[in-house]
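Comments concern the structure below.
The values are calculated or read from the model by the stated rules, or taken from the named source; none is laboratory data. Just so we're clear, the structure is a prediction, and the values are computed from it rather than from any experiment. Heads up, the Cβs are rebuilt from the backbone with ideal geometry, glycines too, and the neighbour counts pull from every protein chain shown.
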Amino acid sequence: MLAEIVETARQQGVRFGAIQIIDSVHSEANVNTDKDDPDEPEDPDAGWGVKHSYKVQTPEGKEELRTNYFYGYKTHVSINAESNLITGLEVSGGYGHEAGFAGGDLCSRSGL
């Protein structure tokens, strides 16, 4: 349906440039990961993903890398830089990374 909207916009004279901007946002699944069996999660379409990693200094003065994880989904969005219109949208398990969607199906489905 989104490809049809993009095509209609093109027919109406909206200009689309060659640059696509890809970004992803996470959404946590509505499950209790502390209670669920990790081998058989309540929401099998969701997955573990990384929100972000950051450095902290321990009480001993050492630098340590910490990572925040989540169980859920990632929504990957492609936006055309010239028109500022969304041209692609895909949802994956939380493990999806936007780099895996750049230049692939996310952009090509809209014909850009």
### Query
Quick one: how many residues across the range 29-64 are closer than 17 Å to Y95 by Cβ, of a type in the set (D, E, K, R) and modelled with pLDDT of 90 or more?
0
## Note on the structure
Going through (1) within 18 Å of the chain's Cα centre (by Cα); (2) among the charged types (D, E, K, R); (3) more than 14 Å from I86 (Cβ to Cβ) one by one, K35 fails only at (1)
### Message
I'd like to check something: does the range 7-20 contain any residue that is among the small types (G, A, S), at pLDDT 90 or above and touching a strand residue (DSSP E or B) at 6+ places or on another chain (Cβ under 8 Å)?
### Response
no
### Pair list, Cβ under 6 Å, 6 or more apart: the range 21-33 residue on the phi > 0 side of the Ramachandran plot, other residue at pLDDT 90 or above
none
